[in-house]
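Okay, so here's the structure we're looking at.
The values are calculated or read from the model by the stated rules, or taken from the named source; none is laboratory data. Nothing here was measured: the structure is a model prediction, and the numbers come from that model. For neighbour counting, all protein chains shown are included, and Cβ atoms are generated from backbone atoms with ideal geometry for every residue, glycine included.
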Amino acid sequence: MRQVTGERAGFWGDRLVAAPLLMGALLAVAAVAVVAYTRRPELGAVMALPLGLLLVGNFRFAATMTIWFALIWVLRIPAVYFDLIQFSYVVYASIIITLAAYVVRLGIGGQRRLPLITNKWIWLFIATIAIGGIHGAQNVGDIPPWLLANSDIDLGVPWTYYRTVVFPGILLPLLAIFVAAALADHENLSAISRPIWTLVFVIDALIIGQVVTSGEALSLMATQRSEHLTSIGFHSNELGAFLAIAYGLGLGVWDGAEKGRSRTALGALLAVTAVALLLTFSRGAYLAFAVVTVVVFMRGAPKKRAAFLCLALALWFAAPTVLVDRIGYGMTSKDANEISAGRVENIWMPLLLDVGDHVWVGQGLHSIMWTDAQRFQEIFPVNIAHNGFLDLVLDFGLVGALPVFAWYGYLWHGFRRGASQDSDPQFRAMFFGGNLALTSFFLCALTNNRLTPTAPTCVIWIVGGLLIGRSLQQSQRRDSAAPKTSQRQWRPLVGVPGVPSRVAAFHEG
């Protein structure tokens, strides 16, 4: 019989793997199209049933699809642009199927058995979020009615609170676990990062398109920001935080990538992201953007630093007046409250009394909605403290804040170590980008974002999963290499060839 060469076998092997994946993708697209056209989720569920069976037998594909679905859902694209509220059920089903596929590989995987992700920091984080959610569900009845007057979601109902507040807080850490397991299953880095870059480009296009087609002056957008970009589904500060975090990740990857088409394409995406970020008029995003850009370009050769400084000065003098005014908002008054747009006196200071009353364990996840300061109208009618660190202590107290800070400490240390010590240059670049993204996240959290999982932080959770998976890969390699070096060679002082020890010879016999 004629033997097939290794190259030819690999060719057909790739085609055999790609065929069911293509079929599954077509089924998913068809199911979404049917639901969008008929508004009958049950028809989509029937069509997607073969896809579910296919995904249970292919964990890597199931995990990759879950990444796509979760990112699309948390960025609210189906609900805002297609009025597809039922898309959340697609996410639920995808998570259940991926968990089933993971359990199958854990239990009966044979030689292809996957390891259990036992990272203590992320599991401790998930437990903290769950406990905070249970604590908060007991207080949702105290949310003032006027706070929810303009909302379509009644968070005063515990089930709604669990579905819209607690579940997303657990979804992103769970997504990180799926990413780690997929990487341990030898999933390509590009397959995991592709959803990130695609969704970043989509958000860039939506922001730029909204600004261009709005017909409003930039000066009006910069000053009347309560409605700016809300048609996309988020406040402009949230969009700014998302883009700042994604920009930090992309900048780190671009800086460490080899010259080629991929690096050029990523550079073009970064340029578009920078434009979209500036159009959010979010000062927290501006700060993060400036810091990570300086960190990257000032670590190069002297000529590179000089060129960057000249370019930065040229862009500053050429920048539109509206951007300069937005950056320097309130600076001439030298009043902290005015510079912070009223945050100091109308949010932060009144909330300190609530922190003092529940300093150890807090009041539950998103507790700002039922604090005394909120109920007695001592603060602006907001559902976020506009300071992630204050929000964290308000929700979990000092005791609950410790596991959250421990998780981010793990990420910070792991990203820095991986950026300098990982053997693969692609992972070194990714972890350097993760470190920059984490820096952007902390800077944005000073004035807007939460430290608990939110849509703007989804990028960090995917890269955090890569860190866990990469650590698992390296530990597996060390374990597989250990038996090869365990049989010591006995060597006398004179120069003769080494012979196996008696213990090793006994076991071999």
>> Let me spell it out: the conditions are (1) assigned to a helix (DSSP H, G or I); (2) without any contact (Cβ under 8 Å) to a residue 40 or more places away in the chain; (3) β-branched (Val, Ile, Thr), and residue 439 meets all of them except one. Which number is the exception?
In response: (2)
> Among the residues of region 218-239, which ones are crowded, with 20+ Cβ neighbours inside 10 Å and of a type in the set (Asp, Glu)?
Replying inline: 238
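Run down 215, 209 and say which single residue is loosely packed, with under 14 Cβ neighbours inside 10 Å, at positive phi and without any contact (Cβ under 8 Å) to a residue 24 or more places away in the chain.
Values: 209 fails: at positive phi.
One residue alone meets the criteria, 215.
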> Where residues in region 341-367 are surrounded by 14 or more Cβ atoms within 10 Å (Cβ to Cβ) and either outside the structural domain of residue 222 (by TED's automatic domain parsing) or among the aliphatic types (A, V, I, L, M) (or both), which of them is modelled with the lowest pLDDT?
Replying inline: 341
>> Anything in region 368-386 that is under 28 Å from the mean Cα position of the chain (by Cα), surrounded by 21 or more Cβ atoms within 10 Å (Cβ to Cβ) and either outside any helix (DSSP H, G or I) or not assigned by TED's automatic domain parsing to the domain that holds residue 354 (or both)? List them, or say none.
In response: 385, 386
> What residue, of 132, 136, 141, 156, is touching a Gly at 6+ places or on another chain (Cβ under 7 Å), surrounded by 15 or more Cβ atoms within 10 Å (Cβ to Cβ) and over 20 Å from residue 396 (Cβ atoms)?
Replying inline: 156
>> I'm trying to understand the selection: among the residues of region 322-346, which are without any contact (Cβ under 8 Å) to a residue 40 or more places away in the chain and not in a loop (DSSP other than H, G, I, E, B)?
In response: 324, 331, 332, 333, 336, 337, 338, 339, 344, 345, 346
> residue 125 versus (1) within 17 Å of residue 462 (Cα to Cα); (2) buried (at least 22 other Cβ atoms within 10 Å of the Cβ); (3) outside the structural domain of residue 152 (by TED's automatic domain parsing): which is the lone unmet condition?
Replying inline: (3)
